[in-house]
Amino acid sequence: ANYVEKAKEVIASYFNINVKDLSSPSRRQDFVYARSIATYLLKTKFNLSLNKIGTVLGGRDHATIAHAYEKIANSMESDSNIKEDINNLTSKLNKLYQ
């Protein structure tokens, strides 16, 4: 699952946070947002199960991860910032795995 760690590094660095913040129990808004984006990307890009994503993001439960995923998926169309973050990160991740 080295590619998952790499992806987490890319996402954390994009949001100027530590990789460990993606897995931390903290509810700080910037961590929560980065974590939600990570959830969305891990699901869509690497097709990880929600349980697996929960595990790599600090042992979160399935429902928490499902909620984060839905929230981002549903906000993509209406929120240009989210869409931009997803697009930027997708192209960064694509560069890793060419």
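The values are calculated or read from the model by the stated rules, or taken from the named source; none is laboratory data. Quick caveat, the model's predicted, so the values are computed rather than measured. Cβ sites come from the backbone with ideal geometry, for glycine too, and all protein chains shown count toward neighbours. Surface areas here come from the heavy atoms of the whole protein model, side chains and all, with no ligands, DNA or RNA. Shrake-Rupley method; radii C 1.70, N 1.55, O 1.52, S 1.80 Å.
Of all residue pairs spaced 6 or more apart or on separate chains, those with beta-carbon atoms under 7 Å, a first member in segment 60-73 that is without any contact (Cβ under 8 Å) to a residue 24 or more places away in the chain and a second member that is surrounded by fewer than 18 Cβ atoms within 10 Å (Cβ to Cβ) and among the polar types (S, T, N, Q) are His62/Asn51.
The listed residues are Asn88, Asn81, Asn2, Asn74, and the only one of them that is on the phi < 0 side of the Ramachandran plot and under 13 Å from the mean Cα position of the chain (by Cα) turns out to be Asn88.
The set of residues in segment 6-31 that are open to solvent by 20 Å² or more (accessible area, probe 1.4 Å), closer than 18 Å to Ser75 by Cβ and part of a helix (DSSP H, G or I) comprises Tyr14, Gln29, Asp30. Here Lys71 clears all of (1) touching a Ser or Thr at 6+ places or on another chain (Cβ under 8 Å); (2) closer than 17 Å to Leu93 by Cβ except the condition numbered (2). For segment 44-58, filtering for residues that are surrounded by fewer than 18 Cβ atoms within 10 Å (Cβ to Cβ) and either in contact (Cβ under 8 Å) with a residue 24 or more places away in the chain or on the phi < 0 side of the Ramachandran plot (or both) leaves 8. Taking Leu41 as the residue in question, decide whether it is surrounded by 13 or more Cβ atoms within 10 Å (Cβ to Cβ), of a type in the set (A, V, I, L, M, F, W, C), closer than 20 Å to Leu96 by Cα and out of contact with any Lys or Arg (no Cβ under 8 Å at 6 or more places or on another chain). When the stated conditions are applied, Leu41 passes them.
Name the one entry in Leu48, Leu89, Leu93, Leu42 that is within 18 Å of Tyr3 (Cβ to Cβ) and part of a loop (DSSP other than H, G, I, E, B). Show your work before the answer.
Numbers: Leu89 fails: part of a loop (DSSP other than H, G, I, E, B); Leu93 fails: part of a loop (DSSP other than H, G, I, E, B); Leu42 fails: part of a loop (DSSP other than H, G, I, E, B).
Sole residue among the options that is within 18 Å of Tyr3 (Cβ to Cβ) and part of a loop (DSSP other than H, G, I, E, B): Leu48.
The set of residues in segment 56-85 being assigned to a helix (DSSP H, G or I) and hydroxyl-bearing (Ser, Thr, Tyr) consists of Thr64, Tyr69, Ser75, Ser80.
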